[in-house]
1. Which condition number in (1) in contact with a strand residue (DSSP E or B) (Cβ under 6 Å, 6 or more places away or on another chain); (2) farther than 22 Å from residue 388 by Cα is the one that residue 430 fails?
2. Go through (1) within 20 Å of the chain's Cα centre (by Cα); (2) more than 19 Å from residue 282 (Cα to Cα) one by one and return the number of the condition residue 342 breaks.
3. Confirm whether residue 282 is in contact (Cβ under 8 Å) with a residue 12 or more places away in the chain, part of a helix (DSSP H, G or I) and not assigned by TED's automatic domain parsing to the domain that holds residue 357.
4. Do the conditions hold for residue 17, that is, is it without any contact (Cβ under 8 Å) to a residue 24 or more places away in the chain, out of contact with any strand residue (DSSP E or B) (no Cβ under 7 Å at 6 or more places or on another chain) and not assigned by TED's automatic domain parsing to the domain that holds residue 342?
5. Evaluate the following for residue 78: is it under 18 Å from the mean Cα position of the chain (by Cα), within 30 Å of residue 102 (Cα to Cα) and crowded, with 19+ Cβ neighbours inside 10 Å?
6. Run residue 318 past the list (1) more than 19 Å from the chain's Cα centre (by Cα); (2) under 28 Å from residue 455 (Cα atoms); (3) modelled with pLDDT of 95 or more and report the number of the one that doesn't hold.
7. Checking the structure you have, find out if any residue of the stretch 234-248 is over 22 Å from residue 45 (Cα atoms) and either assigned to a helix (DSSP H, G or I) or touching a residue at least 40 places away in the same chain (Cβ under 8 Å) (or both).
8. Among the residues in the stretch 327-339, are any within 18 Å of residue 432 (Cβ to Cβ) and either at pLDDT 95 or above or in contact with a strand residue (DSSP E or B) (Cβ under 7 Å, 6 or more places away or on another chain) (or both)?
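The values are calculated or read from the model by the stated rules, or taken from the named source; none is laboratory data. On a predicted model such as this, the values are computed, not experimentally measured, just so you know. Here Cβ is always computed from backbone atoms with ideal geometry, including for glycine, and neighbour counts include all displayed protein chains.
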């Protein structure tokens with residue numbers, strides 16, 4: 001989102017009464033043109049390096065809004081889902097099953113059955129999950145069962161027979177494309193909590209664990225319908241070279257499996273997402289093309305056409321194309337420091353409030369008419385409405401001095417902010433609006449479309465058990 005387009009949107013939001021003392025105190029905006037441009041950039045980056053089919057499955061957790069998913073779907077993207085709720089959102093957005101990928105380290109039998117029934121691609125996480133799928137698709141052959149690293153899946157059971165013994169009947173092929181998630185164990189990035197390829201990550205089969213590589217190869221050979229490998233090394237704070245190292249590790253594993261099978265059994269590599277976002281400026285760097293160039297250099301065979309690809313980018317597609325606007329309810333001074341008390345805090349910026357060092361957010365200051373506030377920078381706090389002292393969007397931040405009735409904009413919040421609500425103090429989920437240049441309007445005219453209503457008091461009561469007030473009496 002360019003600064004000019006952002007300023008136009010803020011000014012229009014104020015002029016049209018979306019935010020104000022007699023309207024909502026906090027709203028979120030989504031730049032429709034920006035999201036379309038991001039999707040186009042992603043497609044182009046991979047089209048430049050491979051003729052093989054590529055499914056770009058947007059990570060729904062980054063922006064779980066039906067309107068956003070439908071917009072991305074109109075750009076040819078699919079959806080990567082990690083829960084029944086995310087699957088329901090993808091289906092409500094009209095994403096076809098052929099463009100949905102299910103990832104989760106803790107899928108229930110019901111979730112797996114639903115995915116298989118719908119023909120949704122599934123990346124299995126571990127040996128016990130393969131057990132379940134074996135049973136569901138009737139692949140319980142006798143003998144030759146691949147066993148988990150160390151000889152069992154941790155419970156002393158086989159990892160599931162798939163007709164590996166001589167003469168055993170071949171199992172039926174499921175309608176879903178099935179793969180296995182592998183933890184390349186390449187190490188952590190700058191944010192440990194988001195690094196999924198550490199030695200002890202909870203995701204996938206640890207490739208460097210004793211016996212793991214041999215077990216994975218055997219598991220594929222015993223299951224001809226297992227045709228995909230998946231890896232995802234982390235999100236935010238991971239350098240491109242480390243991301244590429246994870247992809248290279250899984251590419252080499254695919255080559256080994258195919259050589260052992262004597263055919264190309266693994267025909268698709270799901271390389272995950274995790275492209276980092278620059279939260280310090282308006283620049284959209286690194287770009288998707290930067291990443292594909294690194295992949296070309298580090299994994300030369302990845303783009304030679306033999307493997308279909310799946311990507312699972314989330315934050316990199318939407319973060320730069322969203323912002324949260326909040327009215328300054330009061331402006332005061334405590335301990336000789338100015339404090340702007342706003343309606344945007346921990347409920348929309350949970351990670352920023354609890355881990356400001358890892359997740360700082362840029363703030364832009366506007367006056368009550370939505371015009372950029374000018375003046376010398378003054379060190380001040382931008383506080384949220386929640387009842388604890390650490391509820392701060394920014395602490396000791398230099399900005400033009402904010403006054404009562406002004407507007408603060410939390411920038412680069414199009415992913416994981418207004419869509420990852422935290423219900424502290426029963427604060428409402430804010431309304432979300434998409435914006436675009438008005439059709440046939442004057443230069444700078446902006447039109448808004450409601451993506452999500454703000455939460456009502458009745459909805460807050462309902463989700464807090466309002467239907468069962470006497471349950472504990």
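1. Of (1) in contact with a strand residue (DSSP E or B) (Cβ under 6 Å, 6 or more places away or on another chain); (2) farther than 22 Å from residue 388 by Cα, only one is false for residue 430: (2).
2. (1)
3. On the way: in contact (Cβ under 8 Å) with a residue 12 or more places away in the chain: yes; part of a helix (DSSP H, G or I): no; not assigned by TED's automatic domain parsing to the domain that holds residue 357: yes.
Spelling it out, it is not the case that residue 282 is in contact (Cβ under 8 Å) with a residue 12 or more places away in the chain, part of a helix (DSSP H, G or I) and not assigned by TED's automatic domain parsing to the domain that holds residue 357.
4. On the way: without any contact (Cβ under 8 Å) to a residue 24 or more places away in the chain: yes; out of contact with any strand residue (DSSP E or B) (no Cβ under 7 Å at 6 or more places or on another chain): yes; not assigned by TED's automatic domain parsing to the domain that holds residue 342: no.
Spelling it out, it is not the case that residue 17 is without any contact (Cβ under 8 Å) to a residue 24 or more places away in the chain, out of contact with any strand residue (DSSP E or B) (no Cβ under 7 Å at 6 or more places or on another chain) and not assigned by TED's automatic domain parsing to the domain that holds residue 342.
5. yes
6. Tallying (1) more than 19 Å from the chain's Cα centre (by Cα); (2) under 28 Å from residue 455 (Cα atoms); (3) modelled with pLDDT of 95 or more, residue 318 fails exactly one: (1).
7. Quick first cut of the stretch 234-248, residues over 22 Å from residue 45 (Cα atoms) only: none.
No, that holds for no residue.
8. Going through the stretch 327-339, the residues within 18 Å of residue 432 (Cβ to Cβ) turn out to be 327.
Subset that is either at pLDDT 95 or above or in contact with a strand residue (DSSP E or B) (Cβ under 7 Å, 6 or more places away or on another chain) (or both): 327.
Looking through the stretch 327-339, at least one residue is within 18 Å of residue 432 (Cβ to Cβ) and either at pLDDT 95 or above or in contact with a strand residue (DSSP E or B) (Cβ under 7 Å, 6 or more places away or on another chain) (or both).
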